[in-house]
1. When the Karplus curve 6.51 cos²θ - 1.76 cosθ + 1.60 is applied with θ = phi - 60°, which whole-Hz ³J(HN,Hα) does each residue of the stretch 89-101 get, with x for Gly and Pro?
2. Would you list, by chain and number, the aspartates and glutamates whose Cα falls below 19 Å from the Cα of residue 26, excluding same-chain residues fewer than 8 positions away?
3. Is the stretch 35-160 rounded, prolate or oblate when judged by the Cα gyration tensor, a ≥ b ≥ c being the square roots of its eigenvalues, rounded requiring a/c under 1.5 and prolate requiring a/b larger than b/c?
4. What are the residues whose amide H is under 5 Å from the amide H of residue 22, where those residues sit 5 or more places off or on another chain and H is modelled from the backbone?
5. 5 Å is the cut-off here: which amide hydrogens, built 1.01 Å from N in the peptide plane, fall below it relative to residue 120, excluding neighbours closer than 5 in sequence?
6. Determine, for the stretch 35-160, the count of lysine pairs separated by eight or more sequence positions (or lying on different chains) whose alpha-carbon distance falls under 20 Å.
7. What is the dipole size for the stretch 35-160, taken about its Cα centre, with +1 at each Lys and Arg Cβ and -1 at each Asp and Glu Cβ, in debye to the nearest 20?
8. Can you compute the modelled spin-label distance between residue 71 and residue 41, with each label point 7 Å from Cα toward Cβ, in nm?
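What follows draws every value from the coordinates through simple rules; no lab data is involved. Being a predicted model, the structure only gives us computed values, none of them experimental. Cβ coordinates were reconstructed from backbone atoms using ideal geometry, including for glycine residues, and neighbour counts include every protein chain displayed.
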Amino acid sequence: MLSLSPSPSSSSSSGGAGWEAVCPLKDSRFSREPVEMVWSRWNNKLCMVDRNVKEGAVYDAGSDRWEEMPAGMLSGWDGPAAAEGDSVYVVEESSGVMRRYEWEGDTWRDVVRLEGLKGACAMAAGGGKVVVASRGGGTLTVVDVAAVGRGGGGKYWWEVVIPEGMRVMAMHVLPRMRRRRRTS
């Protein structure tokens, strides 16, 4: 993993944001295996976990230091993950349960259990929604986590039809683009 982060205070020769060094990891345990990473906006932390060997680390951008991952976070991180707003979400692959991590209690809380989330293989989040690819990328389920949090009992999820013979390989939720209105 690169020990660099974008820095608005430094600039490159092209006038854009530059890079500055950050505290390096103590060891290279995450450089040999695929890891899951999510950014928690709530506390400005990057969470990394290697689910194969159940090891995790957390980078605290505010203090520029690496910490051990909290035990509850590591033990409950049992599937793909994504961060939305101030929350980190994970889907347990075999049961189809989506959970939200609560930093203050170091616990995971169930958000929803859906058949379409079983076999989850990738997640992305944005705009109050968490999108989950399941069953080898053959199923795509969108969960409106903002609506789930408000309650009310309405439908808070839907499936997106994947075209025949296609699979989701990767995904990213982009911010909504708005057209500027011309003023005369």
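1. For the stretch 89-101, the Karplus curve yields 10, 9, 10, 6, 4, 7, 9, x, 9, 8, 10, 10, 7 Hz.
2. Partners found: 36, 50, 55, 60, 64, 67, 68.
3. Details: a/c = 1.97, a/b = 1.47, b/c = 1.34.
Here the stretch 35-160 falls in the prolate category.
4. 4, 5
5. The list, which skips near neighbours in sequence, is 135.
6. Number of lysine pairs found: 4.
7. Working: 14 positive and 19 negative charges, 99 e Å.
Its charge dipole is roughly 480 debye.
8. 3.2 nm
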